[in-house]
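Student: Take a look at the following structure, please.
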Amino acid sequence: MAYLKTLVEDGRTEQRVARRARVLLAMTDPDTVVSELADKLELERTTIWHLCRRYEAYGVDVVLDAPRSGRPRELSPPLQRVEVEQLACCEPAGVGLQMTHWSTRSLALVARQRGIAPHHFPLHGGPPPARR
């Protein structure tokens, strides 16, 4: 239960994780009424019961998000993501474009040209941005 308290008290914990931890902590008290807890946390009663059943079956890790199926993120290497963020934070004029703000298309095009983003980085039609 100390782990759950840490999750609730840590300001960096995602709110959906902290909410699940609050539910499990509240349910350790035998006087907890599920309908009152549901109203307090703005959840459905069935959500609380499902979380409790999953906790009984799998343990404390149910407060964390399960791995998602499907296509992985495009910018998975952390360094690649940082490079794209750095590019987005600089002025487009600083990289030779005659514009004051980035558009998604122009950012993707420059990132691809610099080899930062993968070749399949989304570009959706339209002309390339004007260059100096």
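Student: What's the number of the condition Val17 fails, among (1) in a loop (DSSP other than H, G, I, E, B); (2) touching a residue at least 24 places away in the same chain (Cβ under 8 Å); (3) within 20 Å of the chain's Cα centre (by Cα)?
Tutor: Looking at each condition in turn, Val17 falls short on (1).
Student: Out of everything in the range 3-32 that is of a type in the set (Val, Ile, Thr) and under 12 Å from Val62 (Cα atoms), what residue ends up being surrounded by the most Cβ atoms within 10 Å (Cβ to Cβ)?
Tutor: Only one residue tops the list, namely Val23.
Student: Against the definition (outside the structural domain of Val110 (by TED's automatic domain parsing) and modelled with pLDDT under 90), how does Ser35 come out, yes or no?
Tutor: Taking the combined requirement at face value, the residue does not satisfy it.
Student: Oh, and also: Determine whether the range 44-62 contains at least one residue that is free of Cβ contacts under 8 Å to residues at least 40 places away in the same chain, more than 18 Å from Leu7 (Cα to Cα) and part of a loop (DSSP other than H, G, I, E, B).
Tutor: Yes: the range 44-62 contains one or more residues that are free of Cβ contacts under 8 Å to residues at least 40 places away in the same chain, more than 18 Å from Leu7 (Cα to Cα) and part of a loop (DSSP other than H, G, I, E, B).
Student: Test of understanding: among Arg71, Arg105, Arg81, which residue is part of a loop (DSSP other than H, G, I, E, B) and among the basic types (Lys, Arg)?
Tutor: Criteria check complete, one pass: Arg71.
Student: Now for a separate question. Of the conditions (1) at pLDDT below 85; (2) surrounded by 17 or more Cβ atoms within 10 Å (Cβ to Cβ), Leu107 clears all except one; give me its number.
Tutor: For Leu107, the failing item is (1).
Student: Which residues, taken from the range 20-37, are outside any loop (DSSP other than H, G, I, E, B) and under 19 Å from Lys5 (Cα atoms)?
Tutor: Those that are outside any loop (DSSP other than H, G, I, E, B) and under 19 Å from Lys5 (Cα atoms): Arg20, Ala21, Arg22, Val23, Leu24, Leu25, Ala26, Met27, Leu37.
The values are calculated or read from the model by the stated rules, or taken from the named source; none is laboratory data. This one's a predicted model, so the numbers in the text were calculated from it and none came from an experiment. Please note: Cβ atoms are built from the backbone with ideal geometry, for glycine as well, and neighbour counts cover all protein chains shown.
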